[in-house]
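Peer 1: The structure follows.
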Amino acid sequence: MATSEDAVRTRPATRAKREQILKAAVEIFGNKGSTNGTLADVAEQVGITHAGVLHHFGSKQKLLLEVLAFRDQADVQDLEKKHIPGGPELFLHLVRTAFANEKRPGIVQAYTVLSSESVTDEHPGREYFEDRYTTLRREVSDAFAQLCAQEGVTETETVAAASASILAVMDGLQLQWLLHPDVIDLGAASEFAIRAIVNAVLHPGPELSTYAQR
């Protein structure tokens, strides 16, 4: 994978071609998956040869990893520090991301396909997604800790489950939205779920079993 130092030395024309290839790969892998989508498919869409794609990325595995990095960069490109915010602001950022994703179905589709495939043996993206979820769970947990302190709430054991649930509901809603875009309002549904989970940590309600007994 190219380093930031490599990117600085890369000519503008080369950077533009690499981005063109990445955008084509997002569409191809999103539509066909990483197994059925080929470098030849990507090359045809860009109007270059298979060898041309290899010249820029070296291998299909490296291209897949670059696609994932490209998706991450899209998430933070408009942020001042090019990194997701911490503390309670993180929850607002996640909501804004859901609304932004409504305008970029190709990237959402590629992410959903590749994340699902990453659980298979020896998938090149598995380490990426393991690290991603580990990092995001930690950052959401830290945001909960700051929010609880801010609101004078004693941090509870629900934070770990709540952090994992927020990530799960965001990814799950993306899948439903891709399948039924006319039925699922991705931004509004994500906002509702995140707000409900945050409020459940701050103000826990009764156990579900109490409703079943009525």
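Peer 1: Of all alpha-carbon pairs in segment 1-67, indicate the percentage at a distance above 19 angstrom.
Peer 2: Percentage above 19 Å: 24.
Peer 1: Roughly how tilted is helix 12-36, in degrees to the nearest 10 and between 0 and 90, from the longest Cα axis of the chain?
Peer 2: The answer is roughly 70 degrees.
Peer 1: Trypsin sites (Lys or Arg not before Pro) within segment 14-58: which are DSSP loop residues with at most 13 other Cβ atoms inside 10 Å?
Peer 2: none
Peer 1: Right, something else. Can you sort Leu22, Leu208 by how many other beta carbons sit within 10 Å, fewest first?
Peer 2: Placing the least packed residue first, the sequence is Leu208, Leu22.
Peer 1: Also, I was wondering about something else. Shape of segment 84-205 from its Cα gyration tensor (a ≥ b ≥ c, root eigenvalues): rounded if a/c is under 1.5, otherwise prolate when a/b > b/c, or oblate?
Peer 2: Taking the square roots of the gyration eigenvalues as a ≥ b ≥ c, segment 84-205 is oblate.
Peer 1: How far, in degrees from 0 to 90, does helix 186-202 lean away from the longest principal axis of the Cα atoms of the chain, to the nearest 10?
Peer 2: Helix 186-202 and the main axis of the chain meet at about 40 degrees.
Peer 1: Within the chain, what's the longest stretch lacking GluC sites (Glu not before Pro) that sit in DSSP loops with no more than 14 other Cβ atoms inside 10 Å?
Peer 2: 1-79
Peer 1: I'd like the orientation of helix 126-151 relative to the chain: the angle between its Cα long axis and the longest Cα principal axis, in ° from 0 to 90, rounded to 10.
Peer 2: It is inclined by approximately 30 degrees.
Peer 1: Where does each of Thr112, Thr135, Thr38 land when they are ranked from fewest to most other beta-carbon atoms within 10 angstrom?
Peer 2: Starting with the residue having the fewest Cβ neighbours, the order is Thr135, Thr38, Thr112.
Peer 1: Kirkwood hydrodynamic radius (Cα pairs, Å) of the chain?
Peer 2: 19.1
Peer 1: What relative contact order, as a whole-number percentage, does the chain give when Cα pairs under 8 Å and 6 or more residues apart are counted?
Peer 2: 20
Every number in this text was worked out from the coordinates using simple rules, so none of it is lab data. Everything quoted here is computed from the prediction, not taken from an experiment. Backbone-built Cβ (ideal geometry, glycine too); neighbour counts: all protein chains shown.
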